[in-house]
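Peer 1: Sending over a structure as structure tokens; questions will come in a sec.
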Amino acid sequence: MTDKQILCPWCMQIKIISEKGICSKCYNHLDSLEQKNWHNYQTSNYAELMALAIKIDTAFQFAEKSSDSESVLKQFHQSRIRCVLEMFKQLNNTTFKPITSEELEQYKHLIKEYSEQIRTDEELNQFSIVLRQKLSTNNPQLQNIYTTFFSFWCGEEILDWSYFQYFEIITGNLKFLIPIEKLIEIMQKHFPVISSNPIKQLN
Ligand SMILES: [Zn+2]
């Protein structure tokens, strides 16, 4: 338990304990299903991160509806991949043994170039299959991390989840090895405008 104070990510006006993730006023405006979800986030010490994930998701849904959506969505695509790539860079290279450090660097560089649309997904996919075949583990947590590591960069057209589910799954796998505070810091860095503004209300 910590008593770190943050501004409520919803309204950005009221100070709250970070573990609550949302102020009482904003919480009371949520429907009962959303309130139930919040209760789960709070009890699993996940509320601040999920607040941010929901804000990113909402901003993305807004962008999908905007008139110049193509360039905005391209920006989201790039930020999403770079954000998760930086999360994976926190892991020690030995997590992916016997893949060598050089191969890992090459793979991460390919992902960066793919996010910039310099490389095709086919080039990246081929290399990722070669690396994936080198790994084997009976540890379910590591299995999930490997699966995520070789798929998180997928294009929007094959992304089966909302942005909120995407971040929930990825950080849910990574939180065993990376402190939640660090994951939040990386999300804030890659989505600075969304992080520092009140949530956009979808109506
Ligand atoms: Zn609030």
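Peer 1: Report the full-extension gain for the segment Ser136 to Lys189: residue separation times 0.36 nm, less the Cα-Cα distance, to one decimal in nm. The partial results should precede the final answer.
Peer 2: On the way: separation 53, 0.36 × 53 = 19.08 nm, distance 3.28 nm.
Extra length from Ser136 to Lys189 when fully extended: 15.8 nm.
Peer 1: Under 24 Å between alpha carbons, and skipping anything fewer than 8 positions from Lys108 in its own chain: which lysines qualify?
Peer 2: In chain and number order, the partners are Lys74, Lys89, Lys97, Lys134, Lys175, Lys182, Lys189.
Peer 1: Could I have the simple spin-label model distance between Asp31 and Ile118, label points 7 Å from Cα toward Cβ, reported in nm to one decimal?
Peer 2: Here the answer is 4.5 nm between the modelled labels.
Peer 1: Right, something else. So, with a 1.4 angstrom probe, what is the percent of accessible area on region 49-196 that is carbon and sulfur?
Peer 2: That share works out to 50 percent.
Peer 1: While we're on this one: For region 137-203, what does the accessible surface come to per residue with a 1.4 Å probe? Please give it in Å².
Peer 2: Values: 3600 Å² over 67 residues.
In whole numbers, region 137-203 has 54 Å² accessible per residue.
Peer 1: Let me ask something else about it. What is the distance in Å between the Cα centroid of region 138-175 and that of region 8-72?
Peer 2: What the calculation gives is 20 Å, centre to centre.
Peer 1: Does region 38-149 come out rounded, prolate or oblate by the C-alpha gyration tensor, with a ≥ b ≥ c the root eigenvalues, rounded set by a/c under 1.5 and, if not, prolate when a/b is larger than b/c and oblate if not? Mind showing how you got there, number by number?
Peer 2: Numbers: a/c = 2.71, a/b = 1.25, b/c = 2.17.
Here region 38-149 falls in the oblate category.
Peer 1: Follow-up. Compare Ile56, Ile158, Ile178 in a GNM of the chain, Cα atoms joined below 10 Å, and give the one with the largest fluctuation.
Peer 2: Checking each option, the largest mean-square fluctuation is seen for Ile158.
Peer 1: Ok, one more. Pull up the cross-link candidates among the lysines for Lys15, meaning alpha carbon to alpha carbon under 17 Å and not fewer than 8 places away within one chain.
Peer 2: Hits, sequence-local ones excluded: Lys4, Lys25.
Peer 1: Choose one answer from Leu91, Leu30, Leu131: the residue with the largest mean-square fluctuation in a GNM of the chain with alpha-carbon springs under 10 Å.
Peer 2: Most flexible of the set in this elastic network: Leu30.
Peer 1: Same structure again: Rounded to the nearest 500 deg cm²/dmol, what is the calculated helix-only ellipticity per residue at 222 nm for the chain, with -39500 (n - 2.57) per DSSP H run of length n ≥ 4? Please list the in-between numbers first.
Peer 2: Values: 10 runs with 122 residues, N = 203.
The per-residue figure over the chain is -18500 deg cm²/dmol.
Peer 1: How big is the Cα convex hull of the chain in projection, averaged over all directions, in nm²?
Peer 2: Numbers: hull surface 49.0 nm².
Averaged projected area of the chain's Cα convex hull equals 12.3 nm².
The values are calculated or read from the model by the stated rules, or taken from the named source; none is laboratory data. Predicted, not measured: the structure shown is a model, and the values here were computed from it. Glycine gets a Cβ as well: all are built from the backbone with ideal geometry, and neighbour counts include every protein chain shown. Heads up: the accessible areas ignore ligands, DNA and RNA and are worked out on the full protein's heavy atoms, side chains in. Shrake-Rupley method; radii C 1.70, N 1.55, O 1.52, S 1.80 Å.
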